[in-house]
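Each value in this text was obtained by applying a stated rule to the coordinates, not by laboratory testing. The structure presented is a predicted model; accordingly, all values stated were derived computationally and were not measured. As a convention, Cβ positions derive from the backbone with ideal geometry for all residues, glycine included, and neighbour counts pool all protein chains shown.
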Amino acid sequence: MRPVHEYRQLYIGGRWRDADGGESILVRSPIDESVIGSVPSATTQDVDDAAIAAQASQESWSRSRALERAEYLRLVARSIRADEELLADQLVSEIGVPSRAVNPMQVAMAASAFEDSAEFIAHESANYTVGNSQVEERPIGPVACIVPWNAPLYQASLKVAAALAAGCTVVLKPSELSSFTAFALARYIDEAGFPPGTFNLVTGRGTPVGEALVRHPSMRMVSFTGSKATGETIARLASVGVKKCALELGGKGAALLADGCDLARAVQDTFWRCMAFSGQTCAATTRMIIPRASAGDVQRMLKRLLEEAIVGDPRHPGTHLGPLISSEQKASVEEFLGLAACQGARPLTYAARSALPAHGYFVLPTVFWDVEPTMRIAQEEIFGPVLSVMIADTQEQAIEIANSTPYGLSNSVWAATSEKAMSIGRQVISGSVYINGGDFNPRAPFGGFGLSGYGRERGGAGVREFRQSVAYHL
Ligand code: NAD
């Protein structure tokens, strides 16, 4: 049977063209394991052409007016919004994200990324004076944007919009597991009439395509989102030629529940922040730290939430948890489940509402009780629907447990008042801290500490990441 989404061409130097070697990568549905499409496997020649095209257009793009760049970005945002349904369908079938979450989480936020970057450059002043010096912020140069599979359109949009807004040209490499929406993005950019070479798309695996891009002498920066292991490799490769890196890596988020907090809200929020997209988000709160006195109540609430969770086909509107992305990811999560039990953690038993489908990479959500902070499930990113509950006898101990992993991406604090929660939040090592269920803000800076990486994305901070200052001393 012919694949449903068959892509044959790369977007390089302002035109669509066949990949050099003619090879392609088959894409499997995580829902039923069937082949749903194919994408070109670029060669190092394709990468070379894309990087050279980006370099050739860098000078003129960096000299374009901010208002002109903002207008291009707004056109892309409009195209994303106009195609919302098509993009949402592609994401559901390609990554298995439940349809109830896909639009706000993945598509609308991608459009906002372009709008927010446009808004920022339309109103900022990139130049300022300090003493006798005038300081100018200049684009760093052509950027390699490499993104993971779990929020492909949003991650790509965050990077591409901010880099283009800053005046940098771009080569985008999406994950080989989820490239479909990158082709749509390239089409919107083409239709918006961006100068040729400003944006280029190459698809394929990390090795050789991603590596060739990072190594390419035309690239002056690598903006990477993905796993810690790949981030380390990229930082090593980028050190040759002294390229700047921005690394958005994994997380092991904690929710700290202090005495007197709104327990029902805190438990529900933490559970869903962990289980959303079957635990496959970097910002998942996969650890819950609770006061001993609340243990009985928390356990009852978690059992109820587990029993209510519907696991199954993500295309059905009622489904909460779809499949994991691949058989490898499923095997890895199952290995963690076995390991946790061996180390003495106890899974909460519950009557699951759904039977797992016969095909596809599904696992049921699991909450582990009696977890020690040093256990591997409490230290490592699992990237599956697994929550670890730990008990703290004092507030100091709770903060110590929260800070006991090498990650620091996104955490939550719940306390009787927001002042109290803020005073705890200030002691948590984390790029984002949600205070008593505060709202997500797509324009606030986002990024990590420690093994969660460095560099910031979103809003003005995201655009500034792609610039360096020049001082003119008068
Ligand atoms: P991954 O590291 O396996 O792959 C990410 C991207 O890097 C893919 O495009 C891949 O092809 C490419 N790649 C792989 N090896 C490469 C190499 N040697 N050189 C260049 N490129 C290479 O990650 P993944 O499995 O796609 O994504 C899951 C990870 O991403 C999790 O750890 C998650 O926490 C993290 N993530 C972080 C954030 C954040 O903002 N901090 C957001 C989403 C996901």
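For the stretch 173-190, the residues whose amide N sits under 18 Å from a probe point set 7 Å from the Cα of residue 9 along the beta carbon direction are 180-190.
What shape does the chain have by the C-alpha gyration tensor, where a ≥ b ≥ c are the square roots of the eigenvalues, rounded means a/c under 1.5, and otherwise prolate means a/b greater than b/c and oblate the rest? Don't jump to the answer; show the numbers that get you there.
On the way: a/c = 2.01, a/b = 1.37, b/c = 1.46.
Note, shape of the chain comes out oblate.
When peptides 202-213, 61-72, 364-375 are ranked by their average number of other Cβ atoms within 10 Å per residue, the highest-first order is 202-213, 364-375, 61-72. Taking the DSSP bridge list for the stretch 357-459 and keeping only pairs wholly inside it, about 30 percent are antiparallel. Each residue of the stretch 44-52 is assigned a 3J(HN,Hα), and the resulting list reads 5, 5, 4, 4, 4, 4, 5, 5, 5 Hz, derived from the Karplus form 6.51 cos²θ - 1.76 cosθ + 1.60 (θ = phi - 60°), x at Gly and Pro.
Estimated at 0.36 nm per residue, the fully extended path between residue 355 and residue 396 surpasses their Cα-Cα distance by 10.6 nm. Only beta bridges with both residues in the chain are counted; by DSSP, about 40 percent of them are antiparallel.
Residues in the stretch 155-171 carry Karplus couplings, in order, of 4, 5, 5, 4, 6, 5, 4, 5, 5, 5, 4, 6, x, 9, 8, 9, 10 Hz; the curve used is 6.51 cos²θ - 1.76 cosθ + 1.60 with θ = phi - 60°, and Gly or Pro positions show x. Backbone phi angles across the stretch 318-323, fed through the Karplus curve with coefficients 6.51, -1.76 and 1.60 (θ = phi - 60°), yield HN-Hα couplings of x, 5, 8, 10, x, x Hz in residue order; Gly and Pro are listed as x. Relative to the longest principal axis of the Cα atoms of the chain, the long axis of helix 84-95 makes an angle of roughly 60 degrees.
Mind ranking 307-317, 142-152 by how tightly packed they are, going by the mean number of other C-beta atoms within 10 angstrom, highest first? All intermediate terms of the calculation are to be shown ahead of the outcome.
Details: 307-317: 16.5, 142-152: 26.2.
Per-residue Cβ counts within 10 Å, averaged per peptide and sorted highest first, yield 142-152, 307-317.
Within straight-line reach of residue 244, meaning a Cα separation under 22 Å, sit the following lysines at least 8 residues removed in sequence or on another chain: 159, 173, 228. Under the simplified labelling scheme, the residue 191-residue 348 pair shows an inter-label distance of 4.6 nm, with each label point 7 Å from Cα along Cα→Cβ.
Provide the FRET efficiency to the nearest 0.05 for the residue 78-residue 470 pair, computing r from the beta carbons and using R0 = 45 Å. Let's see the in-between values first.
Numbers: r = 34 Å, r/R0 = 0.75.
The calculated FRET efficiency here is 0.85.
Give, rounded to the nearest 20 debye, the magnitude of the charge dipole that the stretch 52-125 has about its Cα centre when Lys and Arg contribute +1 at Cβ and Asp and Glu contribute -1 at Cβ. Walk me through the numbers on the way to the answer.
Working: 7 positive and 12 negative charges, 27 e Å.
Around 140 debye, computed over the stretch 52-125.
Modelled spin-label separation between residue 374 and residue 32, with each label point placed 7 Å from Cα along the Cα-to-Cβ direction: 4.9 nm. Taking 0.36 nm per residue of separation and subtracting the current Cα-Cα distance, fully stretching the chain between residue 297 and residue 427 would add 44.2 nm. Evaluated with a Cβ-only charge set (Lys, Arg +1; Asp, Glu -1), the stretch 170-309 carries a dipole of roughly 440 debye about its Cα centre, given to the nearest 20.
What you get for the chain, charging only the Cβ of Lys and Arg (+1) and of Asp and Glu (-1), is a dipole of about 440 debye around the Cα centre.
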